[in-house]
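The values are calculated or read from the model by the stated rules, or taken from the named source; none is laboratory data. These numbers were taken from a predicted model, which means no experiment stands behind them. Cβ: placed from backbone, ideal geometry, glycine included. Neighbour counts: every protein chain shown.
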Amino acid sequence: MVDVKAIGKTIVEKVQSANGYSDERTCGRIIYSGDGIIHISGLSDVKYNELLEVQGGYKALALNLEMDSVGAVLFSGEDKVRFGDLVYSTGKTVQMPVGEGFLGRIVDPLGEPIDGLSDIEAEDYRPVEFPAPAIMDRGKVNKPLQTGILAIDSMIPIGRGQRELIIGDRQTGKTAIAIDTILNQKGENVICIYVSIGQKASSLAKIITTLRNRGAMEYTCVVCSTADDDAPLQYLAPYSGCALAEYFMYRGKDVLIVYDDLSKHAVAYRTMSLLLKRPAGREAYPGDVFYLHSRLLERAAKLSPEKGGGSITALPIVETLAGDISAYIPTNVISITDGQIYLESELFNSGVRPAVNVGLSVSRVGGSAQRAAIRQISGQLRVNLAQYRELAIFMQFGSDLDAETQKTLNRGAKMTDTLKQRQYLNYSVREMIVLLTVSQSDLVDKIPEKKMTAYNEGLLDYIHANHADLLEKIDPDKKVDEELRAEILNVAEDYVNCSVGEDSHQADAEAEAESVENASDVK
Amino acid sequence: MTNKNNITANVILARTPDAETEAMIEKFVQERGCGKVKYEIDKSIIGGVIIYIGDTVFDGSVRSRLDKIKSDVTA
């Protein structure tokens with residue numbers, strides 16, 4: 001219930017304290033306005049990156065301090081400000097309200113809720129631009145951040161406090177990986193922040209619905225700027241999201257932040273820079289576009305135990321054009337991050353989803369944070385897959401193959417199939433251990449070709465239904481010993497034996513149908 | 001900017017000032033090193049006074065007080 005008395009009391013207090021209030025501020029007047037850029041004469045004591053207040057209550061950001069004018073970008077009211085309007089300095093940089101209340105909410109880059117729900121009570125305010133943690137305050141990345149995606153957790157492991165780039169062409173499933181990772185943090189005590197930068201409002205709505213329906217909003221905050229937002233808001237979004245993440249990190253919590261995507265962020269910054277008449281460099285980006293991203297990503301860190309041990313894991317996303325990872329922004333961000341997950345449209349279209357290119361994807365620090373069991377059984381994975389790919393290229397020439405080569409090829413194809421995973425179907429660490437153990441054993445030879453993915457899903461269902469104790473027995477922090485391995489394989493063999501029978505009937509029927517079809521083709 | 005003696009102070013009031021108010025304003029302005037005063041009447045400030053000296057604005061208008069109360073209460 002609303003306490004009318006308390007509200008009345010507050011108003012009376014405010015009115016009384018406002019009596020005799022006089023405000024001494026610096027001001028200037030707008031001498032140019034266009035494309036969301038204003039030039040102001042006056043404002044002699046304004047600082048770089050200071051928040052300005054334009055007559056009418058609009059906010060602006062001072063970015064160019066010149067001899068006799070100040071260049072600033074407007075966050076709103078582009079079409080409302082007029083020549084000669086007053087602009088006040090505020091003495092503050094842009095601040096982001098932060099607090100626990102932001103979880104489950106959708107806010108704009110200035111911290112205002114845009115989900116139509118109640119106001120958010122800010123526990124504190126943090127500057128959106130904040131120095132990254134000092135060297136001595138940082139700790140070692142030693143805890144894994146499980147994405148729930150087998151291909152990533154086994155071969156490109158991500159640790160809490162790491163910055164892992166997700167890069168690829170449009171429509172290759174970049175956002176899907178990030179969303180799956182957020183969904184997988186349920187019950188993991190990780191706070192997630194999804195920052196959308198210049199996304200289509202329709203795709204953003206879809207993402208938010210997914211997060212909501214799958215119960216991920218409880219621990220997630222969405223900071224969004226859509227494609228129709230002004231460039232300054234898009235520019236601000238990742239820094240605001242990071243400020244919110246820092247609030248939790250400095251309280252000892254683990255945070256996952258997704259920047260979707262930084263190529264649009266660079267474009268927004270390029271827009272602002274060109275309009276502010278800053279010199280253009282390569283691809284018309286301004287000279288400080290590297291610093292733009294490096295200062296953002298440096299703020300993702302793992303703090304030392306003395307500093308509370310919190311962490312920010314950053315998953316920046318960069319979109320490439322026609323697979324060109326040597327363009328300006330991709331190379332910049334690749335060099336800043338601790339590794340990248342490279343997605344390819346060719347793989348995606350041939351049904352390998354997630355379309356991770358294992359050869360080009362790396363994780364530079366996550367390995368040390370990997371759980372012992374996973375590290376043990378996925379050690380050979382990368383090498384085996386590389387061998388398979390090399391052979392697969394040879395196979396295209398159709399030469400006769402000896403038995404050994406044929407076996408490597410079969411195994412490789414089945415391993416690749418094992419790494420295929422449907423969206424929203426995340427594996428737990430124990431499930432991954434089962435799948436990896438089975439897929440690297442002799443058992444796979446019994447499984448028909450192209451059935452591997454279905455078999456894996458079926459096997460996990462079978463184990464959950466009939467052998468739940470087996471999963472309990474697996475300790476992800478210990479190596480898988482021979483006894484456990486044998487037990488896993490035994491269960492898997494039971495499943496394979498009983499379902500291969502069913503399948504072969506089906507396969508026969510299919511083959512028959514096909515041969516009939518072929519026969520009719522010949523006629 | 002440095003030599004404020006040549007600067008005219010712009011004073012905005014809601015109604016024409018009486019002699020006493022004028023004297024107070026002139027004293028205030030001179031303390032801040034301003035030689036001349038220019039008066040302007042603007043009813044929209046409701047009451048009080050706004051004084052511009054160069055880049056600095058001293059806002060003691062009723063309008064801005066009400067705005068401040070409004071933003072404090074609604075926030």
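Within the bounds of segment A:476-485, is there any residue that is surrounded by 13 or more Cβ atoms within 10 Å (Cβ to Cβ), out of contact with any Gly (no Cβ under 9 Å at 6 or more places or on another chain), part of a helix (DSSP H, G or I) and at pLDDT 90 or above? Looking for residues that are surrounded by 13 or more Cβ atoms within 10 Å (Cβ to Cβ), out of contact with any Gly (no Cβ under 9 Å at 6 or more places or on another chain), part of a helix (DSSP H, G or I) and at pLDDT 90 or above, one finds at least one in segment A:476-485, hence yes.
Of all residues in segment A:442-453, none satisfies being in a helix (DSSP H, G or I), at pLDDT 90 or above and basic (Lys, Arg).
Residue by residue, here is whether (1) of a type outside the set (Lys, Arg); (2) in contact (Cβ under 8 Å) with a residue 24 or more places away in the chain; (3) surrounded by fewer than 24 Cβ atoms within 10 Å (Cβ to Cβ) holds:
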{"residue": "A:Asp153", "(1), (2), (3)": "yes, yes, no"}
{"residue": "A:Ile156", "(1), (2), (3)": "yes, yes, yes"}
{"residue": "A:Ile166", "(1), (2), (3)": "yes, yes, no"}
{"residue": "A:Thr172", "(1), (2), (3)": "yes, yes, no"}
{"residue": "A:Ala201", "(1), (2), (3)": "yes, yes, yes"}
{"residue": "A:Ala205", "(1), (2), (3)": "yes, no, yes"}
{"residue": "A:Leu211", "(1), (2), (3)": "yes, yes, yes"}
{"residue": "A:Arg214", "(1), (2), (3)": "no, yes, yes"}
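Restricting attention to segment B:29-45, the residues that are out of contact with any strand residue (DSSP E or B) (no Cβ under 7 Å at 6 or more places or on another chain) and either touching a residue at least 24 places away in the same chain (Cβ under 8 Å) or not acidic (Asp, Glu) (or both) add up to 5.
Checked against the criterion of being away from chain B (no Cβ under 14 Å), more than 22 Å from the chain's Cα centre (by Cα), part of a strand (DSSP E or B) and touching a residue at least 24 places away in the same chain (Cβ under 8 Å), segment A:107-118 has no qualifying residue.
Consider A:Ile135 carefully, then state whether it is β-branched (Val, Ile, Thr) and crowded, with 23+ Cβ neighbours inside 10 Å. Against the criterion (β-branched (Val, Ile, Thr) and crowded, with 23+ Cβ neighbours inside 10 Å), A:Ile135 does not qualify.
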